[in-house]
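Only one structure is covered here, and it is reproduced in the block below.
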Amino acid sequence: MSELRQTLKAQIIEQLNLEDLTPADIKNDAPLFGNDGLGLDSIDALEFIVLLESSYDIKVADPSAGKEIFHSIDSLAAYIEKNQ
Amino acid sequence: MEIFITGYGMISCIGSTIDESLEYLRAEKTGIQLGAFEALPQYRVGVVPFSNDEIKAKFNISTDGSRTALLGMVAAKQAFEGHKLNDSIRTGLISGTSVGGMDISEREYKNFLEQTNHNPANYKHHASGTSSEEIAKELGVTEFINTISTACSSAANSLMMGARMIKNGLLDRVIVGGTDGLSSFTISGFKSLMIFDDELCRPFDESRKGLNLGEGAGFIVLESEKSLKLSGKKPLAKLTGWSNASDAFHQTASSPNGYGATISMQEALNVAGLQAQDIDYINAHGTATPNNDLSESHAIKTIFKDAIPPFSSTKAYTGHTLAASGGIEAVFAILAIQQGLLYPNLNFSTPIEETGLIPQLKFEEGKTIKNVLSNSFGFGGNNSTVILSAI
Amino acid sequence: MKIISSIKINSTQILVNGVSREIPVAEENNWTKALYTSLELSYPKFYKMDSLAKMAFISLQMMEKEVALSEMETSDVALIFANSSSSQATDLKFIDSYTEKGSPSPSLFVYTLPNILTGEISIFKKWYGENIFFIDENFNAEFFIDQINFYLSKGSKACLCGWVSALSDTEECFLFYITNEEGTLTENELNTLFKQ
């Protein structure tokens, strides 16, 4: 389970070009979006959707559903585990 | 100094002449179709139903060019019909485009990958500026040629720039507008942004899910008073207001309150010396994305308060023609003024909950339309408004 | 009109108001990243930008260290930018994402429009003024001066202008800030600044 979280952190850093960050900087339960978190925005959410499809074969058809799924590393991992 | 409009032309999925386009508008009939773009048949798009070669033959075009350039030539030639090039009228062409010669680059790239008939010389069409050079060549315009690339506000910005060139005495007459041919590039890009509607787009409707893409071109001819005397053309309308403002919010999304759009509309009214209540019809940007239509509705409410004039988005007819949209919609504005028309906002049934605005729902004729305000908002937060007025 | 500051950067040259600066050592040929790091800025969005926006952003930051640009939240500054190749470098990367890599990349598509860089500057500075991007064959000093005249006579207090271009093998950015203060600018002067 924590392995998936570690992989996700590395993938996110690469896919979203978060060059200033290392996986250790991203907390499992911290919000990814908005100013309190990593400051990701709507384009990053779309990249998450591409990532889910290309790496985990999971399709998210409605971008507005992304808000909950991509809230944190924990919620993202839970979604992947549930849908894979 | 007044800026007169003495020519107009357009081509899109609802027709390759003004008359054909009017027939669709009158019949409240969309030109958007499922499968109209052969390479990606799963999308509903608005396509001009001719191949590049057919366009050249049908419209007697002698200059080679990309689809963007060819569509531009068709519309610009219509607009310039009856005009003559003349040493005493300094004439320019300003064209807006976002994809330029992408269709040809895509074809060559495919040829390159498949190693068949690859001709690298054809990449010369790629640069966005090339399409404007090609359109100018077809018209014989040489004095001033320029290309604007500000996404979906490109054509509106070319109207604005043309007006300024005339006002500042740098040109006497200028053909302005925009053109964009549809390409796999554009379709793939908008798909990645997840702002397509699988069904027909529904601007300003609560249930709207996104846009349908289109292709086409729209150009108009602007002239100074001095030029008018020399050309002997009868003005169709005037370009009285223009403005461009930055939304300073996000690369692609509009700010929730429509701040940039509000500045843009207000400043265009100021330039025209008009009050909000002088506007008889608003041709909205109205792409039918959840974000644009909500943001634009807020901006319209901020400017027009409780007295919102009839407004509609005509993109449910043509699809979103991107850099061409401001040119095509300027043609619609001229027709509205000349013939007293109001265009329906197709596919509307339920107002947006937060704003409650109800657009124009029927095609109407015989109205008195003196001033039309037309919005074009582009990615990059580039928001433009033009105002066209009766003579 | 008066030029207050100019910046010119490419992989082999940094000029601040005409004075040459030392070029930071770049890893993996990433000269824009090296320059960004040397400026000790914290703007994580930088890494998401395409090369056009990156160069414009860095140049703006270097300029801000030299002169006071107009305050935040203003419509006083017009952005006038141009190049000859639009967003070609990013266009190719985006085509690669959907033809070779299977899925069109939204973050690449966003930057397949050159005027996203004026959007980035507007967002960073909270500038609500006019912004335009022209495609022209070459840097045209006369054209820039005409445009600047339009904006300054219309009420803009300053213009931030630039020629920013990114192809797969060449990247360059020339930025200048010009205000409505007393002064003159000739085509020759502007061309000299551009070619320096």
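Filter chain B for me: DSSP H helices, axial length by Cα at least 15 angstrom, mean Kyte-Doolittle hydropathy not below 0.0. List them by residue number.
Helices meeting the criterion: B:67-80, B:154-167, B:259-272, B:325-339.
Report, in degrees rounded to the nearest 10, the 0 to 90 angle that the Cα long axis of helix C:141-154 makes with the longest principal axis of chain C.
70 degrees
Are any of the pairs A:Lys27/C:Lys33; C:Lys45/C:Lys125; B:Lys137/B:Lys226 more than 20 Å apart by Cα-Cα distance, and if so, which?
Pairs exceeding the cut-off: A:Lys27/C:Lys33; B:Lys137/B:Lys226.
Give me the distance in nm between label points sitting 7 Å out from Cα along the Cα-to-Cβ direction at B:Asp87 and A:Gln11, one decimal.
With each label point 7 Å from Cα toward Cβ, the separation is 7.0 nm.
Segment C:1-49 to segment B:99-130: how many Å between their Cα centroids?
For segment C:1-49 versus segment B:99-130, the Cα centre distance is 33 Å.
DSSP beta bridges in chain C, what fraction antiparallel, as a percent rounded to 5?
Bridges in chain C are about 65 percent antiparallel.
Once you've got the GNM for chain B with C-alpha springs shorter than 10 Å, pick whichever of B:Gly72, B:Gly169, B:Gly100 has the biggest mean-square fluctuation.
B:Gly169
Once R0 is set to 22 Å, what does the formula 1/(1 + (r/R0)^6) return for the Cβ-Cβ distance between A:Ser54 and B:Gln42, expressed as a FRET efficiency to the nearest 0.05?
Efficiency computed from Cβ-Cβ geometry: 0.70.
Among DSSP bridges having both ends in chain B, what percentage is antiparallel? Round to the nearest 5.
Of all bridge pairs located within chain B, approximately 70 percent are antiparallel.
For B:Tyr123 and C:Glu66, FRET efficiency with R0 = 35 Å and r from the beta-carbon atoms, rounded to 0.05?
Using R0 = 35 Å, I get an efficiency of 0.35.
Using θ = phi - 60° and the Karplus curve 6.51 cos²θ - 1.76 cosθ + 1.60, what whole-Hz ³J(HN,Hα) does each residue of segment C:8-17 get, with Gly and Pro shown as x?
10, 9, 8, 5, 10, 8, 10, 10, 10, 6
Which of the three applies to chain B, rounded, prolate or oblate, going by the alpha-carbon gyration tensor with a ≥ b ≥ c and a/c under 1.5 meaning rounded?
Judged from the Cα gyration tensor, chain B comes out oblate (a/c at least 1.5, b/c at or above a/b).
Holding the Cα-Cα limit at 22 Å, pick out from B:Lys238/B:Lys367; C:Lys65/C:Lys126; B:Lys315/B:Lys362; B:Lys305/C:Lys157; B:Lys84/B:Lys234 the pairs that are longer than that.
B:Lys305/C:Lys157
Cα-based Rg of segment B:112-248 per 2.2 N^0.38 Å, rounded to two decimals?
1.34
On the first, second and third principal axes, largest extent first, how far apart are the outermost C-alpha atoms of chain A in Å?
Here the spans come out as 30, 26, 20 Å, largest first.
Determine, from the Cβ-Cβ distance of B:Glu354 and B:Gln115 and an R0 of 45 Å, the FRET efficiency 1/(1 + (r/R0)^6), rounded to the nearest 0.05.
That pair, B:Glu354 with B:Gln115, gives E of 0.25.
Only bridges with both residues in the protein assembly as shown count here: give the DSSP antiparallel percent, nearest 5.
65 percent
For labels at A:Ser2 and B:Ala57 in the simple 7 Å Cα→Cβ model, what's the distance in nm?
Result: 7.1 nm between the two label points.
First check a/c for segment B:240-389, with a ≥ b ≥ c the square roots of the eigenvalues of its C-alpha gyration tensor; if it is under 1.5, answer rounded, and if not, answer prolate when a/b is larger than b/c or oblate otherwise.
Rounded is the answer for segment B:240-389, as its axis ratio a/c remains below 1.5.
Amide H of B:Gly340 versus every other amide H placed in the peptide plane: which residues, excluding those fewer than 5 positions away on the same chain, fall under 5 Å?
The list, which skips near neighbours in sequence, is B:Ile369.
Looking only at B:Glu215, B:Glu199, B:Glu354, which one moves most when chain B is put into a Gaussian network model with springs between Cα atoms under 10 Å?
The residue that fluctuates most here is B:Glu354.
Scan chain A and note any complete DSSP helix (H) whose C-alpha atoms cover at least 18 Å along its axis and whose Kyte-Doolittle average is 0.5 or more.
A:42-56
From the Cα gyration tensor of segment B:171-324, with a ≥ b ≥ c the square roots of its eigenvalues, which class applies: rounded if a/c is under 1.5, or else prolate if a/b is larger than b/c, or else oblate?
Verdict is oblate for segment B:171-324.
What average count of beta carbons from other chains do you get within 10 Å of the Cβ of residues in B:128-135?
The mean count of partner-chain Cβ atoms within 10 Å per residue comes to 3.
Put a dot 7 Å past each Cα toward the Cβ at C:Glu22 and B:Phe363; how far apart are the dots in nm?
Going from the B:Phe363 label point to the C:Glu22 one covers 7.2 nm.
Using helices alone, I'd like the mean residue ellipticity at 222 nm for the protein assembly as shown: each DSSP H run of four-plus residues gives -39500 (n - 2.57), total over residue count, nearest 500.
Calculated from helices alone, the mean residue ellipticity at 222 nm is -11500 deg cm²/dmol.
Return one number: the angle in degrees, 0 to 90 and rounded to the nearest 10, between the long axis of the Cα atoms of helix C:88-99 and the longest principal axis of the Cα atoms of chain C.
Around 20 degrees separate the two axes.
Can you tell which of C:Val16, C:Val25, C:Val164 shows the greatest fluctuation in a Gaussian network model of chain C with Cα springs below 10 Å?
Result: C:Val25 has the largest fluctuation of those listed.
Relative to the longest principal axis of chain C, what angle (0 to 90°, nearest 10) does the C-alpha long axis of helix C:116-125 take?
Rounded to the nearest ten degrees, it is 60.
Please report how far the C-alpha centroid of segment C:174-196 lies from that of segment B:221-276, rounded to the nearest whole angstrom.
29 Å
Read-outs throughout are calculated quantities, based only on the coordinates presented, and are distinct from any laboratory measurement. The model shown is predicted, which means the values in this text are computed figures rather than measured ones. For neighbour counting, all protein chains shown are included, and Cβ atoms are generated from backbone atoms with ideal geometry for every residue, glycine included.
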